[in-house]
1. Please state which one of T66, T45, T22, T13 is touching a Pro at 6+ places or on another chain (Cβ under 7 Å) and either assigned to a loop (DSSP other than H, G, I, E, B) or modelled with pLDDT of 90 or more (or both).
2. Which numbered condition in (1) without any contact (Cβ under 8 Å) to a residue 40 or more places away in the chain; (2) at negative phi; (3) of a type outside the set (A, V, I, L, M) is the only one that Q40 fails?
Amino acid sequence: MEIPAKVAVFNRTLEIKGKVGTLIAINEDAAYYEVVLEVQQRNHTVLFPIAETVVIFNEALPPSATEFEIER
């Protein structure tokens with residue numbers, strides 16, 4: 001995955017359900033995503049806690065050819 005990336009953001013605390021934004025950074029030490037969202041027709045940087053936020057990348061991963069078989 002490359003950053004910046006277009007994402008859909010879900011966060012229960014802010015009642016955000018699939019709002020499109022741009023993921024700018026992931027700060028694992030401070031445990032937040034830095035996302036630019038449009039709020040009231042202006043772009044704002046929002047820091048979402050990783051533990052409470054789902055981020056779905058708009059670009060799907062390309063299919064990978066598996067050359068091995070998993071035995072079950």
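1. T22
2. Among (1) without any contact (Cβ under 8 Å) to a residue 40 or more places away in the chain; (2) at negative phi; (3) of a type outside the set (A, V, I, L, M), the lone unmet condition for Q40 is (2).
The values are calculated or read from the model by the stated rules, or taken from the named source; none is laboratory data. As the structure is a computational prediction, the values presented were derived from the model and not from experiment. Because the Cβ atoms are built from the backbone with ideal geometry, glycine has one as well, and the counts that use them run over all protein chains shown.
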